[in-house]
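Read-outs throughout are calculated quantities, based only on the coordinates presented, and are distinct from any laboratory measurement. Because the structure is predicted, anything quoted here is derived from the model rather than measured. Please note: Cβ atoms are built from the backbone with ideal geometry, for glycine as well, and neighbour counts cover all protein chains shown.
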Amino acid sequence: MSASSVFSPRRVGAMVLRHIYLFRGSWPRAFEIVYWPILTMVLWGFTSQFLVTNSSWVARAGGVLIYAVLLWEVLFRGQLGVAFSFLEEMWSRNLGHLFVSPLRPYEWVLSLLAMSFIRVTLGIVPAALLAIPLYHYSIFTLGLPLIGFFTLLLAMGWAVGLAIIALILRQGLGAENLAWVAVFVLSPISGIYYPIAILPHWMQWIAWCFPTAYVFEGMRAVLFQNEVRLDYLLEALALDVVYIAIGSAILLWSFRRARRTGALLQMGE
Amino acid sequence: MSEPVIEVTGLTKRFEETLAVDHIDFAIGRGVTAALLGGNGAGKTTTISMLLGLLLPSEGSVRVLGADMQRDRYRVLPRMNFSSPYVELPHRLTVRENLRVYGALYGVRGVRGRIAALARDLQLTEFLDRKTGNLSAGQKTRVALAKALINEPELLLLDEPTVSLDPDTGDWVRGYLETYRARTGCTILLASHNMGEVERLCSEVFMMRKGRIVDRGSPEALIDRYGRDTLEEVFLDIARGRPRAAAAQ
């Protein structure tokens with residue numbers, strides 16, 4: 001394959017390898033991937049055990065809270081995986097080298113998404129498996145829809161992550177804290193722990209504009225009504241496509257702007 | 001001259017109110033080592049960034065190895081490379097890991113062999129498995145040079161290649177670059193304000209001041225033209241805005 005080919009899996013692989021090397025050489029980074037999902041699962045596991053005997057709603061589907069928190073972690077970690085893989089390049093002042101190499105921007109973005117998938121899988125799967133012996137709740141009982149929920153939330157996390165990268169490219173490292181907090185703006189309107197119906201009417205309108213509401217309502221439909229809401233999955237998919245398109249467009253605009261202002265050379269700690 | 005490796009026409013870069021590069025024109029032929037020489041803020045790094053396509057010009061055009069760098073840079077990026085003290089390699093990766101990653105990015109075949117050869121040539125073997133961030137300034141410069149040579153580039157752009165190096169290491173790097181150019185026929189453009197370096201390595205010099213090329217020629221020709229003994233004296237004349245005639249008196 002020519003080194004200047006339009007798409008090179010080898011270049012994408014090289015960028016993934018760069019992050020794998022980083023994790024291999026830095027145990028705190030590797031530990032951080034599994035630490036928070038497991039800790040959150042443990043907290044919500046005990047909360048679930050308490051509420052199962054004190055809340056008739058939770059008692060109807062004992063795992064609802066723990067499954068909800070694990071799925072929320074998919075979104076959060078998915079976004080964090082994209083944004084942090086980018087921040088690693090900024091912290092190491094490596095962007096200039098990357099963007100004068102044959103690596104194309106879309107190959108770079110693909111590598112960020114691949115790293116996000118790896119980070120989410122490594123973070124969530126151990127927490128989900130640990131919940132089985134600890135609390136006797138298995139998220140895998142959601143069955144095939146779980147793959148849909150996982151994919152839809154991961155894709156929304158990517159869309160948010162791409163928008164955050166765009167913002168950091170524009171504002172510099174002063175905006176890096178957004179990588180931690182930005183996605184939480186979706187949490188009150190996503191119906192993670194409660195049905196969308198309890199939100200004020202005007203907030204419900206906003207909530208249904210995001211795929212997260214469909215995913216968490218869909219999860220509860222499986223748990224409480226034993227029903228797979230295909231309509232929710234499809235609507236969430238359509239919204240994901242829109243948000244990924246918006247995130248990619250903002251990132252491309254921001255990248256072009258960085259090439260105009262020289263930000264790719266100047267960025268660093 | 002056959003088709004130039006670098007051809008710059010009317011190149012201009014404005015950052016809001018600041019005119020960093022002001023309508024410059026130059027061409028560099030194959031196998032030549034040339035320098036952009038000027039003080040801080042003269043526009044050297046900005047020019048190199050536009051040559052790489054990392055920075056979009058406000059006006060003008062850049063052609064590198066026959067490609068328009070605004071529209072078609074990915075066609076030629078595998079054939080060029082770059083090193084700068086202001087752009088670093090990931091500190092937490094070992095030297096070998098960094099070179100493997102960049103070898104794959106540049107599509108280098110037989111990357112292990114290439115790393116071994118570079119390690120031997122640049123005396124990196126003993127710290128190939130050390131983290132890049134733990135190396136001394138001189139060692140980091142040699143690693144950056146290894147990264148810049150990983151794809152055996154036809155065009156090498158070097159921004160201040162020996163800045164912050166002790167005289168011994170600086171001399172060693174300059175010697176290596178001379179040998180590399182002689183062996184491969186590579187074209188080298190360096191931005192520098194080290195006069196000795198430029199006199200030793202370069203056959204063409206573009207003197208920059210306030211974003212413009214104010215003079216050009218071989219180091220010897222420039223020294224003659226200004227009636228000076230060294231390129232450093234020529235540099236000072238230009239930096240202080242003394243015209244040629246006055247400078248020669």
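Quick notes on this structure:
- Comparing A:SER248, A:SER138, A:SER55 in a Gaussian network model of chain A (Cα springs below 10 Å), the most mobile by mean-square fluctuation is A:SER55.
- Net charge over other residues, Cβ less than 10 angstrom from the Cβ of B:GLY107 (K, R count +1; D, E count -1): +3
- Selected from B:VAL205, B:VAL108, B:VAL21 as most flexible by GNM, with chain B as the system and alpha-carbon contacts under 10 Å: B:VAL108
- The translational diffusion coefficient of the protein assembly as shown, from Stokes-Einstein at 4 °C and 1.567 mPa s with a Kirkwood hydrodynamic radius over alpha carbon pairs, comes to 51 µm²/s.
- Calculated P(r) tail over 21 Å for the stretch A:1-114, as whole % of Cα pairs: 53
- Phi angles across the stretch B:59-66 convert, under the Karplus curve 6.51 cos²θ - 1.76 cosθ + 1.60 with θ = phi - 60°, into 3J(HN,Hα) values of 8, x, 9, 10, 10, 10, 6, x Hz, Gly and Pro given as x.
- Residues of type aspartates and glutamates that B:LYS210 reaches as a straight line, Cα spacing below 12 Å, ignoring anything fewer than 8 places off in the same chain: B:ASP22
- In this Cβ point-charge picture (+1 for Lys and Arg, -1 for Asp and Glu), the stretch B:163-213 has a dipole of about 360 debye about its Cα centre.
- Structure remark: mean-square fluctuation, Gaussian network model of chain B, C-alpha springs under 10 Å; the largest value among B:GLY113, B:GLY185, B:GLY53 belongs to B:GLY113.
- Spin-label model, A:ALA245/A:LEU43: points 7 Å from Cα along the beta carbon direction are separated by 3.8 nm.
- Cα-Cα P(r), the stretch A:154-234, percent of pairs per 5 Å interval: 3, 14, 20, 19, 16, 12, 8, 5, 2, 0
- Gained length - A:LEU252 relative to A:LEU234, 0.36 nm times residue gap less alpha-carbon distance: 3.8 nm
- Equivalent ellipsoid semi-axes - Cα gyration tensor, chain B, angstrom: 31, 21, 16
- Taking every alpha-carbon pair in the stretch A:9-266 and binning the separations at 10 Å intervals from zero gives 7, 29, 34, 20, 9, 1, 0 percent.
- P(r) weight above 17 Å for the stretch B:1-79, C-alpha pairs, percent: 43
- Rounded to the nearest 20 debye, dipole of the stretch A:9-266 from Cβ charges on Lys, Arg, Asp, Glu: 880
- The ellipsoid that matches the Cα gyration tensor of the stretch B:112-249 has semi-axes, each √(5λ) in whole angstrom, of 34, 15, 12, with the longest given first.
- The label point for B:GLU16 and the one for B:GLU233, both projected 7 Å from the Cα toward the Cβ, are 4.2 nm apart.
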